[in-house]
Amino acid sequence: MSVFRRTAVVAAMALTVGALGAPPVAAQPLVEVASLPTAAVALGDSFISGEGAGSYTPVSDLNGVAQSFPGWSAPNSNAFFCHRSANASLHRADLPGIQARFNLACSGGQPHDIAAASAARTNGRQVKAQLDQLRAVAQTHDIDLVLVGLGSNNSSFTFGSVAEKCANRFIADAWTGWWEFWAYLGGPVPQEPCTTTDLATSAQLAAATTETTNAVRQLLATLDQIDADGQHRIVFQDYTNPLPLDLEVKFHEEDSRSDTRDKFRALGAERYAGGCPIHRASLAPGHFFSQELGNIVKSVHTTMSAEFPGDDLVYLNVQRAFDGARLCEQSTSPTGALATPIRLQDGPTGVFVTSLSGYDKLDIQRIANTCGTYFQTCQESWHPNVAGHGVLGQCLTGAASTGNRAVACVRSSDGRITVG
């Protein structure tokens, strides 16, 4: 049977009774409901909303007012910064039979935001609960496909905080000698590579799994209540690391200095320009973290498959979807990469700093502080770009039509994408 099904035409029959004592009137159809147009819906966080892919569309806030770009110095809580892209994978996938597509995901989205307004939590955006938005779609459309990406942000850790921690350590190590911290800043600032426990502890990962499971349970229960014909496929997509297992040799040393030396500004500038300001020793922990995010999604899929045995649930593993085209995996990076490089602004100017050559440590501190104060100036960093979302769209195409309960989307050395 096709994954995408239409709502059948239904007729409600009623027995109308005339005046007291009069014989009953023959049953007649009271209502005839035509098939609703079919829809695919995306829920979750930045890897689903289209962060990094540009062409961001207005987003309705808590009051139903569509928010367009509010300016670089606007509060980051503005609904627009959900960054719902017209280039997101939902819009790039080939989905036969689907007549409309609704991107309800939000950059920075957490399990909390599925059933509650994002604005109700710290650093949340001014948007309604994603389930409330989903209910609105169900009023006018028959939901046949739901793409869910959830778990990388939660009450224990967020993808943005993890990325910021490792990049900042590298930048600090590259531009400032250990003695300068004591002389000018009054104490040490972390400069060492990230470890697995720096990114997320076992306890934090367990808590994130529980949070995500509870949110998805609410989603499935709601879908079973509101979907016009009760037939829908739900695709659980996990995450892909924007960085490789190791950097291309070009990015190993500069001026005969590696990232194991004290202060290596030329190398720091080279890696920043390539999109990968990161210690080589941080790469393995980063991949372990990415795999653990995948395990969260896989665990949720397994648990929900047992609790909702009648539902059509598919786990989509995309951890190898960017193989060979990650940042600094090729010497031409960021050209040809499937992810956005780390990009910062020197103030909320809208102009990205593409090279850090010639900047001193005070410049670097000022630029880094801009990201902290105006997060929208750097929030696209290390997310799938337009080409990356095109690949993820191919992954979704395969997951939407497969007969399997779990599939992996893999990019081969010649750039071909296979799902199976």
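Considering each residue of segment 54-82, count those that are out of contact with any Lys or Arg (no Cβ under 9 Å at 6 or more places or on another chain) and under 22 Å from GLY390 (Cβ atoms), and give that number.
2
Within segment 263-280, does at least one residue satisfy the condition of being out of contact with any Cys (no Cβ under 8 Å at 6 or more places or on another chain) and on the phi > 0 side of the Ramachandran plot? If you could, list the steps in order and put the result at the bottom.
Kept after step one, since they are out of contact with any Cys (no Cβ under 8 Å at 6 or more places or on another chain), are these residues of segment 263-280: 263-270, 272-273, 277, 280.
This time we only want the ones that are on the phi > 0 side of the Ramachandran plot, so: 263.
Yes.
For segment 287-298, indicate whether the set of residues that are in a helix (DSSP H, G or I) and β-branched (Val, Ile, Thr) is non-empty. Step through it out loud before you land on a result.
We begin by selecting, within segment 287-298, every residue in a helix (DSSP H, G or I); these are 287-298.
If we keep only those that are β-branched (Val, Ile, Thr) as well, we get 296-297.
Yes, segment 287-298 contains at least one residue that is in a helix (DSSP H, G or I) and β-branched (Val, Ile, Thr).
This table checks each residue for (1) of a type in the set (A, V, I, L, M, F, W, C); (2) closer than 17 Å to GLY286 by Cα.
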site	(1), (2)
VAL300	yes, no
GLY310	no, no
LEU316	yes, no
ALA337	yes, no
PRO341	no, yes
VAL351	yes, no
SER357	no, no
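When segment 200-240 is examined, which residues are found to be in contact with a Gly (Cβ under 7 Å, 6 or more places away or on another chain) and hydrophobic (A, V, I, L, M, F, W, C)? Show your work before the answer.
Residues of segment 200-240 that are in contact with a Gly (Cβ under 7 Å, 6 or more places away or on another chain), as a first pass: 208, 212, 224, 237-239.
Answer for segment 200-240, where residues must be in contact with a Gly (Cβ under 7 Å, 6 or more places away or on another chain) and hydrophobic (A, V, I, L, M, F, W, C): just ALA208.
Return the pair list, or none, for Cβ contacts closer than 6 Å from residues in segment 281-300 that are of a type in the set (A, V, I, L, M, F, W, C) to residues that are buried (at least 19 other Cβ atoms within 10 Å of the Cβ) and part of a helix (DSSP H, G or I), at least 6 apart or on different chains.
PHE289/LEU199; ILE296/ALA208; ILE296/THR209; ILE296/THR212; VAL300/THR212; VAL300/THR213; VAL300/VAL216
Out of curiosity, is HIS232 buried (at least 23 other Cβ atoms within 10 Å of the Cβ), over 19 Å from the mean Cα position of the chain (by Cα) and more than 16 Å from ASN295 (Cα to Cα)?
The answer is yes for HIS232.
Are there any pairs, at least 6 apart or on different chains, whose C-beta atoms fall under 6 Å, with the first in segment 399-417 and crowded, with 17+ Cβ neighbours inside 10 Å and the second part of a helix (DSSP H, G or I) and among the polar types (S, T, N, Q), and if so, which?
ILE417/GLN394
Can you confirm whether GLY286 is over 24 Å from SER155 (Cα atoms) and either modelled with pLDDT of 95 or more or surrounded by fewer than 18 Cβ atoms within 10 Å (Cβ to Cβ) (or both)? Explain how you work it out, then say what you get.
Values: over 24 Å from SER155 (Cα atoms): no; either modelled with pLDDT of 95 or more or surrounded by fewer than 18 Cβ atoms within 10 Å (Cβ to Cβ) (or both): yes.
In short, no.
Can you name every residue in segment 108-129 that is farther than 20 Å from PHE47 by Cβ, modelled with pLDDT of 95 or more and not in a helix (DSSP H, G or I)?
Matches in segment 108-129: ALA116, ALA117, GLN126, LYS128.
Based on this model, can you work out whether THR212 counts as of a type in the set (S, T, N, Q) and touching a residue at least 40 places away in the same chain (Cβ under 8 Å)?
On the way: of a type in the set (S, T, N, Q): yes; touching a residue at least 40 places away in the same chain (Cβ under 8 Å): yes.
Considered against the rule, which asks whether it is of a type in the set (S, T, N, Q) and touching a residue at least 40 places away in the same chain (Cβ under 8 Å), THR212 comes out as yes.
Go through segment 227-249 and give me each residue that's closer than 23 Å to ALA93 by Cβ and assigned to a helix (DSSP H, G or I).
Residues satisfying the conditions do not exist here.
Being part of a loop (DSSP other than H, G, I, E, B) and under 30 Å from ARG366 (Cα atoms): is that true of ALA337 here?
Working: part of a loop (DSSP other than H, G, I, E, B): yes; under 30 Å from ARG366 (Cα atoms): yes.
Judged against the criteria, ALA337 is a match.
Can you tell me which residues in segment 365-398 are of a type in the set (A, V, I, L, M), touching a residue at least 40 places away in the same chain (Cβ under 8 Å) and surrounded by fewer than 21 Cβ atoms within 10 Å (Cβ to Cβ)?
ALA368, VAL386, ALA387
Does THR210 count as among the polar types (S, T, N, Q) and within 30 Å of GLY97 (Cα to Cα)? Step through it out loud before you land on a result.
Working: among the polar types (S, T, N, Q): yes; within 30 Å of GLY97 (Cα to Cα): no.
So THR210 fails the test.
Taking the stated definitions as given, is LEU356 more than 17 Å from LYS250 (Cα to Cα), more than 24 Å from the chain's Cα centre (by Cα), of a type outside the set (Ser, Thr, Tyr) and crowded, with 19+ Cβ neighbours inside 10 Å?
Details: more than 17 Å from LYS250 (Cα to Cα): yes; more than 24 Å from the chain's Cα centre (by Cα): yes; of a type outside the set (Ser, Thr, Tyr): yes; crowded, with 19+ Cβ neighbours inside 10 Å: yes.
Yes.
In segment 67-113, which residues are farther than 21 Å from GLN379 by Cα and aliphatic (A, V, I, L, M)?
Passing the criteria: ALA93, LEU95, ILE98, ALA100.
Return the residues of segment 240-283 that are of a type in the set (Val, Ile, Thr), more than 16 Å from GLN191 (Cβ to Cβ) and in contact with a helix residue (DSSP H, G or I) (Cβ under 8 Å, 6 or more places away or on another chain); say none if nothing qualifies. Don't jump to the end; show me each part of the working.
Kept after step one, since they are of a type in the set (Val, Ile, Thr), are these residues of segment 240-283: 240, 249, 260, 278.
From what is left, the residues that are more than 16 Å from GLN191 (Cβ to Cβ) are 240, 249.
Within segment 240-283, THR240 is the sole residue that qualifies.
Give me a count of the residues in segment 186-213 that are part of a helix (DSSP H, G or I) and more than 18 Å from ALA42 (Cα to Cα). So that I can check it myself, show each step before the final result.
Taking segment 186-213 first, the residues part of a helix (DSSP H, G or I) are 196-199, 202-213.
The next check asks that each one be more than 18 Å from ALA42 (Cα to Cα); those that pass are 196-199, 202-211.
The number of residues fulfilling the criteria is 14.
The values are calculated or read from the model by the stated rules, or taken from the named source; none is laboratory data. It should be emphasised that the depicted structure is a prediction, and the values quoted were computed from it without experimental measurement. Cβ coordinates were reconstructed from backbone atoms using ideal geometry, including for glycine residues, and neighbour counts include every protein chain displayed.
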